[in-house]
Each structure stands twice: as structure tokens, then as C-alpha cells.
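Nothing in this text is a laboratory measurement; each read-out follows from the coordinates by a stated rule. Computed from a predicted model, the values in this text were never measured in an experiment. Here the Cβ positions follow ideal geometry from the backbone for every residue, glycine too, while neighbour counts run over all protein chains shown.
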Amino acid sequence: MENTQGITVTGERHDRFDEVLTPQALALLGELQRQLGPRRAEVLRARQVRQSELSAGGTLDFRPESAEIREDASWRVAPPAPGLVDRRVEITGPTDRKMTINALNSGAKVWLADFEDANTPLWENMVGGQLNLMDALDRRIDFESPDGKSYALRPEEELATIVVRPRGWHLSEKHLLVDGEPMSASLFDFALYLVHGAQRQLQHGRGPYFYLPKMESAAEARLWNDAFLLAQDALGIPRGTIRATVLIETIPAAFEMHEILYELREHSAGLNAGRWDYLFSLIKKFRDRGAGFVLPDRNSVTMTAPFMRAYSELLVQTCHRRGAHAIGGMAAFIPSRRDEQVNATALAKVRQDKQREAGAGYDGSWVAHPDLVPVCREVFDEHLGERPNQLDRQRDDVRVSAGELLAVGGVEGGVTEAGLRNNVSVALQYLRSWLAGTGAVAVFNLMEDAATAEISRSQIWQWIHNPTTLDTGETVTRELVERILEEECDKLGDPAGYADARALFVEVALAEDYTEFLTLPAYQRFP
Ligand SMILES: CC(=O)SCCNC(=O)CCNC(=O)[C@H](O)C(C)(C)COP(=O)(O)OP(=O)(O)OC[C@H]1O[C@@H](n2cnc3c(N)ncnc32)[C@H](O)[C@@H]1OP(=O)(O)O
Ligand SMILES: O=CC(=O)O
Ligand SMILES: [Mg+2]
């Protein structure tokens, strides 16, 4: 452990970590944390205040205070930056060495290098991931797997543009203390990539680009914008070099899309419809509000549910009014190279999802696996023709009210025993994987990550705390879930291997008090 000017690294200095944790990088981390740490605490407190209002019966609406920004038709975000003009296919995934190479080579236009939903924030993953990004930008990221398969990058012009997703504002990085306090994980991930990636990216004719997750308000976007201004000035990089695409993946943020774009306009690269966290947020924010907000089984809530369609179309309308890209979300179906049937289903489902998005006006969309790149590309090729995007397509036909965004009742399908069992089993399997250091995993042929697992455990909490009857006629109670937990654990086998995941599940799904993010108590389990 060392302490230089109030900055202490408590994490281990593994091989080559010094290349990431340089004096220049540590100085920027300290500066950002000292300048913006108190503001971060403020926006997190504002989330709590809003939650108390909602729990007391309040609602969400478009903000009268910022009506002028929404109604002013004159402003636009910055024109798309190099490497971000054509974003028809974006692949997402963690930053381990093999997946970094596979993602960059996948044929996608963009790679979302993920320190958030698809990542377990182990110190080794965080700093190791930054090293892999540096090596990828230096084009020296060859790798050999234990079974002897060699990996190398394709020619420059075929590689995806890197867009890094730092962790959300709620998370801290406890291995980096500033004046004795853990620093913001968001600022940690952002600044390390900026320090090492900016010049390297500019040499490749691109720039330091980011995806910003889990925001709940325009004030949070302003905080990011201030971090960009401060960091660009500190590093002598022209203002506006950084670009950021914001995930609209919380229900409060859906009411502030124009305002979020406005705050970031000089740095904005558009918005993305993060459907899984959005559903999680809906459940979380209205978790104790009774039957009108109880969603049925996770798998029966799709993007064609009226409230999801409203959110998705409002996002395209907002973006294109402001000259900003609208990027679609993740269909969770994962292809299989071993099972033809599973593969055919995944390809068909993903095709359908991308067709809906391209038809709605999205400029591109996400895939979770290299084998899904061609299908997404085909669909957008058909819609875009020779154009790199469809920013010119205005959705003036879209009219979305606050009530429509919040009308979560009335989704077809109910709460079933099978759905409850699925939530229990998926949550257990995901938590085990997360605790072992892998933050994205295929379970029952679907992609599971922090966002989807949040839905599973939050639904269980919500069903226990609001009168909910299963298709079997039984009422969901803590005792019933405990019995099902026992049975699902038996099916999975390996009780010792699941012991930690099981304890964490009880904490985040069955406790009387709701846990805001499962990753908070999960992270505490790491030294
Ligand atoms: C809600 C949200 O935020 S969505 C965004 C966050 N989530 C994600 O990014 C999930 C990304 N996807 C993944 O992590 C993976 O696809 C998983 C875990 C779902 C499935 O992975 P696997 O079980 O390894 O799939 P599979 O065995 O079919 O992989 C085949 C090959 O594709 C590679 N691959 C699979 N997904 C990806 C990816 N997203 N990026 C790069 N390479 C990938 C594998 O590394 C493997 O490579 P190899 O043949 O060289 O060994
Ligand atoms: O990050 C994406 C989501 O759907 O959540
Ligand atoms: Mg998300």
C-alpha cells in the first residue's frame, strides 16, 4: 500500500498494473474525486428523496422546470464523431483478453467494452480490463487460450470502434482511496480509460468514447459533463473530444431525455434504450405500490408491451429531434454452436427484435454474441440502404404521455410458479457466477447480467411484498419462496459451491428491507 498526496492504492499491484496506475492517472483520479465527489453524494441523495416520494404515493412526470429545454426546437447535439457515424451493429461484452479480441474482430461497428452490467468489479477485472484496452489500442493484444487456440486482431479497418461503459454512480472503488475514502467507481473507470485511451484513440482517427449507465436525472448527466470538462482541461484535450451515449435505463430518466441530451450536448453521441435495467428500475421505484405496479413473469414482459413501446418510441423521437443517434437494446437470446434448435430460435427472435427497432427509427442496435452480428447487420442494412444511419427520420407521429410510460398494469400473462422458480434459479446461477468473477453468463439459453438478475430478484421481493397469487392459486410469501429456493438448490446440486450465492440471494430477494442494487452487498464480499 502506498500513499501519495492523499491517494492510496489498497489493491494489489499485479504484473503491469503500474502501466495503468501511473502518477498522471492517480493525479487525475484525485482531482476528479475531490472536485466532484460531493456532487456525486448529492445526486445519490436526490435518488433517495425521490424514492421516498414515490413510496409515499407520488408519481413521475415531465418536469415543468425544464419545459423550455424540451420545447426549444433550435438546439442540437454535436455532429457524430469519427467512428460513431455508422453504428448499425454494436456488440457488448466484458474486457477480458480473449473477448476483447473477439469483440473487436466481430464485424460489429462498435464494441461496448463493459465495466458495468457484464462485469464483476474485482480489482483484477478493473485494472486488467484497462490494460487489455491499452494493448488493444496499441494493436498488441495477441492471446493463446489454454487449449492452444491463437487470437490476434484483424486489420485496422475491420475493427470495431471502442466505447467504454464505466460503472454507475452508485458504485465505489474501494481499492483507490482519496483522502481516506473510496472513490467513485464511475470516475475511476472513466479517468483511467481517458488518460490511457485518448491519445491512442486520436492516433487511430477516433476518440475517447463512453456509454453512461443507470442515470436517473439530468443533474446526473451534468455531473458527467463536468467530469468531461475537468478531465479534458487537465489533460489538454480539446473540449468536445469525449463523446458519450447515455443509456436511458431508469424510469425517472425516461422523463428527462431531452434534458439529458441538453446537458451533454457538446459531448453527446445519443441515447440507448437499456431495456433490462429499465424494467428493473420500474419494479424498484414502484416496488411497494400494490397491484397496479406488479409485473407478471419476467419472460412475458416484452418490448411490445404498451409501456415499453412508448418508452422505446419516445427515445427515437427525442434523439432524432436533436440530431442524436438512437441505439436499440439487447435481445437476451443467445445462439448456440452446439444446439441447432437453440441457435435457430435465437436468430429468429433477435431478427424480430431488430426489425422492430429498425422500423421504429433506431440507427443501430446491440448484440451480445459475435454470431448475432450478421443478423443485426442484415436487418439494418435493409432499412438504411446506402445511409450510415437514419437520423433524418423524424418520429413526429409519436405522442407519449407520462401516464403511458407508467401504465405497467395490463401486461398479458400472470405470475406463475414456473416464473417464480425461474427467477430463483436464474438469480442463484447468476450470483454464483458474479461472485466467481464473471459478470455475464448464459443461463437457460438467455444472457444474464447484472441488469437481468436485478429483475429476477426484485420481482421476487415485489411479489412477496404485494398481494400476489400464482397460477397454482398459492399466495407468494417468504415461506413459499424459501421452499422453492430449497428445491431449486437441490436441482442445481453442488450445495457447497452455491452456499455464498444462496446467502446473497436471501439478502437481496428475501430481506424485509429492499436492497437498492444487488451489486452493493455483493461487492462487500470482496476484500
Ligand atoms: C443488459 C445489458 O447491459 S446487455 C450488455 C451486457 N451484457 C453483455 O455484454 C453480455 C455479453 N455476452 C457474453 O458475455 C457472452 O456472450 C455470454 C456469457 C452470454 C455467452 O458466452 P459463451 O457461453 O462463452 O458463448 P459461446 O460459448 O457461444 O461463445 C462462442 C465464442 O464467442 C465468444 N463470445 C461470446 N460472446 C462474446 C462477446 N459478447 N464478445 C466477444 N466475444 C464473445 C466467446 O468468447 C467464444 O469465443 P471462442 O470461440 O474464441 O472461445
Ligand atoms: O444496459 C442495458 C440494459 O438493458 O440494462
Ligand atoms: Mg443496464
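Taking region 340-424 as the region of interest, the helices (runs of 4 or more DSSP H) fully inside it that hold 1 or more residues being under 17 Å from GLY329 (Cα atoms) are 340-360, 373-384. Kindly check whether there is at least one residue in region 287-304 that is farther than 29 Å from GLN390 by Cβ, assigned to a helix (DSSP H, G or I) and hydrophobic (A, V, I, L, M, F, W, C). Checked region 287-304: at least one residue is farther than 29 Å from GLN390 by Cβ, assigned to a helix (DSSP H, G or I) and hydrophobic (A, V, I, L, M, F, W, C). Exactly one residue out of LEU431, LEU446, LEU405 is touching a residue at least 40 places away in the same chain (Cβ under 8 Å), surrounded by 18 or more Cβ atoms within 10 Å (Cβ to Cβ), within 16 Å of ligand 2 (Cβ to nearest atom) and of a type in the set (A, V, I, L, M, F, W, C): that is LEU446.
For region 480-527, a residue qualifies if it is more than 16 Å from ASN423 (Cα to Cα) and of a type in the set (D, E, K, R), and the qualifying residues are ASP494, ASP500, GLU512, ASP513, GLU516, ARG525. For region 355-372: of the residues being farther than 25 Å from THR95 by Cβ and free of Cβ contacts under 8 Å to residues at least 40 places away in the same chain, which is surrounded by the fewest Cβ atoms within 10 Å (Cβ to Cβ)? If we take residues in region 355-372 being farther than 25 Å from THR95 by Cβ and free of Cβ contacts under 8 Å to residues at least 40 places away in the same chain, then GLY359 is surrounded by the fewest Cβ atoms within 10 Å (Cβ to Cβ). Is it the case that VAL195 is of a type in the set (Val, Ile, Thr), in contact with a helix residue (DSSP H, G or I) (Cβ under 6 Å, 6 or more places away or on another chain), crowded, with 20+ Cβ neighbours inside 10 Å and closer than 22 Å to TYR278 by Cβ? Considered against the rule, which asks whether it is of a type in the set (Val, Ile, Thr), in contact with a helix residue (DSSP H, G or I) (Cβ under 6 Å, 6 or more places away or on another chain), crowded, with 20+ Cβ neighbours inside 10 Å and closer than 22 Å to TYR278 by Cβ, VAL195 comes out as no. Note on region 299-325: among residues that are closer than 30 Å to GLU266 by Cβ and touching a Gly at 6+ places or on another chain (Cβ under 6 Å), the one that is surrounded by the most Cβ atoms within 10 Å (Cβ to Cβ) is CYS319.
In region 54-146, counting only helices (runs of 4 or more DSSP H) that sit wholly within it, the ones holding 2 or more residues that are within 14 Å of ligand 1 (Cβ to nearest atom) and surrounded by fewer than 24 Cβ atoms within 10 Å (Cβ to Cβ) span 97-104, 123-137.
Restricting region 92-141 to residues that are of a type in the set (Phe, Trp, Tyr) and within 16 Å of ligand 2 (Cβ to nearest atom) leaves a set whose member that is farthest from VAL375 (Cα to Cα) is PHE115.
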